[in-house]
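Taking it in order: structure first as structure tokens, then the write-up.
The values are calculated or read from the model by the stated rules, or taken from the named source; none is laboratory data. It should be emphasised that the depicted structure is a prediction, and the values quoted were computed from it without experimental measurement. Positions of Cβ are backbone-derived with ideal geometry, glycine not excepted, and every protein chain shown enters the neighbour counts.
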Amino acid sequence: MKITLLIIEFVLSITIVICVLMHSAKGEGLAGIGGQAKMFNSQKGLESGLTKFTGILCAIFLALALILSVI
């Protein structure tokens, strides 16, 4: 049982890293000086879905980490 949970935890960690790397860059660059970077801050549909998916994966990862710490 514990080995199965550890394998799931490992797969989740790799998947979270891939999801985070798929996010678009949020750097303001030089536009942050004049306040222009906040003008185009809306998320597209795919980016919003990816954010939700990453959050769900992180919640599952944390829950499994808590379960593994008790076992």
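Summed over the range 56-68, the residues that are small (Gly, Ala, Ser) and either touching a residue at least 60 places away in the same chain (Cβ under 8 Å) or more than 11 Å from residue 9 (Cβ to Cβ) (or both) give a count of 1. Filtering the range 10-47 to residues that are at pLDDT 90 or above and either over 14 Å from the mean Cα position of the chain (by Cα) or β-branched (Val, Ile, Thr) (or both) leaves 10, 11, 14, 15, 16, 17, 18, 20.
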